Structures are given as C-alpha cells and as structure tokens.
Amino acid sequence: KLTPKPPASLAVAPDGNGGIYPAMVKHSVLSDMKAKGVRYIHVFGVDNALVKPADPTFVGYCIRQKADCGNKALWKTSPDEKVGVLASKGHRPCIVEYSDMSKEMSELRSEQDGRLVFGAGNICNHFYTLDFLEQVVVPNLGNMYHIARKKIPYYCDEQKKTVKPTENNGIKLESFIFDVFPLSESMTVLDVRREDEFAPVKNPPGSDVDSPDTARRLFSNVAKKWMREAGATLLGDLESDQCEVGPMT
C-alpha cells in the first residue's frame, strides 16, 4: 500500500546518507574526480565540529596500509552511547547500529581489561579510493537498500487532513554510508582519541551533551592544546574564553 500525501501525490522521504553514492554518479562527481586525477576521497559527517578535512594522518595511514576503504573509530564511553559500532559479520567489516544491538551485546565487557567488547564507535569519518567507489560500490548500488520502519505522515480521506502517526505505520527503503564496508577487500581502521576527533552536534543549544555549546567548548580545548604545543602562551580566562584555530591551518 502506498502512502498518500495531501491530497493527490505520494509521500516520499530521503534515502539515507548512503544516497551519497548514487548522487555522485548522477551528478558526474566521480567522473569529474577521475578527470582531475583524484585518487583518494575523505568523507565525513557535517555534524562533527572536530573533523580534520583531508586529515593527512588518516589519509596517509590508509594509503600506507593499501586500503580501499578506511574508517576512524573511537571507544564508546558507555553501553548506551548512541553510536554504531564496528564489527565483523561473515568475515566482512560492517557497522551495527546501536538500535540493532541487544542490551546484553551492548553491555558485554572483556574479562581482560573490562572494556566494552562491542565498543569501537563509528563517527562517520571514512576514506575511499576512487577505484573502490567506481569499480566496486557503483555496480552494487541496487543491493544496498534495507527496510526501515518509520512514522510516515499521511493524508486521511475521512478527516480531510494530514495525520501524523504516533506509531510506525510504514516502511521505506534507505541506505547508510557505511553499507559499503562489507564490499571492501582491504579495509583499515584508525583508532582515535575522542577529545581530539569528536564533538557532535545533535541536540539544541543548552543541552548538556552533543549541543552547539559542548561542541564549541571541545573545539576551543583542542585549539588551546594546539597553541600550547606550538609554543604559545595563552592569556585571559583559560576556562571560559574561547580559542579557535582553523583545522586546515
């Protein structure tokens, strides 16, 4: 059954951030990169204030490891932190979303050091070779979609208005950017420090975690660290004053 939208069209929805791959084909991005001699690609989420664009450490590490695909990961702070985790399924790398993990799995800890067994958190920071995208990912685009159950607003003929359901009432096909990981033959992972690499913005201003305020503070702390390491002397209120250094500096 198709979901109507007021009153004579069909409801549509985004296809997930995995839509980046068909979009790169549709808009000739991959062919343009190839024409310009681009061989390596760094992709990251826009909601992380501490991303280092074209990070030479990450890109260089992946190239040195001869990886066709790479991923930055950091260890989860707690079992209920809402990030997917890097895992292996059928001897292939993959990401397991936090919502798909059982309570027992998410809380399982190593007997050796007490760390979470499934704790390698994914922060949407990836490396690809252009050859991998062109020769492996693009031919498999039709196999990447999976079902997501969603609350989909629909037009009700009886009420003559759009209804917003309180429970899941439909399904959509979507893909995630990391759905290509199992296609890799030589994926590598770089374990990074949270305080240097991850300041997500997922909540509104004023929230205690993952807000613009917390991201600003984390970004400032990293900038202060860079300045001190470069030999600078910082003046003023070092706790509250903001410091900013561009990540491309």
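Computed quantities for the displayed model
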| item | result |
| --- | --- |
| In Hz, Karplus ³J(HN,Hα) per residue of segment 221-237 (6.51, -1.76, 1.60; θ = phi - 60°; x = Gly, Pro) | 5, 5, 4, 4, 4, 4, 5, 5, 5, 7, x, 6, 10, 8, 10, x, 7 |
| Helix-derived mean residue ellipticity, 222 nm - over the chain, DSSP H n ≥ 4, -39500 (n - 2.57), to 500 | -5500 deg cm²/dmol |
| Point-to-point label distance, Ser207-Met248, nm (Cα→Cβ direction, 7 Å offset) | 2.8 |
| Cα→Cβ-extended label distance, 7 Å offset, between Asn221 and Lys66, nm | 4.0 |
| Listed residue (Pro79, Gly16, Leu30) projecting farthest to the positive dipole end of segment 13-91, Cβ model | Leu30 |
| Distance-filtered residues of segment 75-110 - backbone nitrogen under 12 Å, label point 7 angstrom along Asp191 Cα→Cβ | 75-76 |
| Accessible surface, per residue, of segment 67-139 when the full set of protein chains is kept, probe 1.4 Å, Å² | 51 |
| Segments 107-116, 208-217 sorted - mean Cβ within 10 Å per residue, highest first | 208-217, 107-116 |
| Cα lying deepest toward the dipole's positive end in the chain, options Ala199, Gly246, Pro165, charges on Cβ | Pro165 |
| Stretch gain in nm, segment Glu239-Lys164, where the contour uses 0.36 nm per residue and the Cα spacing is subtracted | 22.5 nm |
| Peptide ranges 188-200, 48-60 listed from the most packed, as the mean C-beta count within 10 angstrom indicates | 188-200, 48-60 |
| Tail fraction, Cα-Cα pairs, the chain, threshold 30 Å, whole percent | 41 |
| DSSP beta bridges in the chain [antiparallel fraction, %, rounded to 5] | 85 |
| With every protein chain in place, the chain: carbon and sulfur % of accessible area (1.4 Å) | 53 |
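The values are calculated or read from the model by the stated rules, or taken from the named source; none is laboratory data. Note that the structure is a prediction, hence the values are computed from the model and not measured. Every residue, glycine among them, receives a Cβ derived from its backbone with ideal geometry; neighbour counts consider all protein chains shown. These area figures cover heavy atoms from the full protein model, side chains too; ligands, DNA and RNA do not enter into them. Shrake-Rupley method; radii C 1.70, N 1.55, O 1.52, S 1.80 Å.
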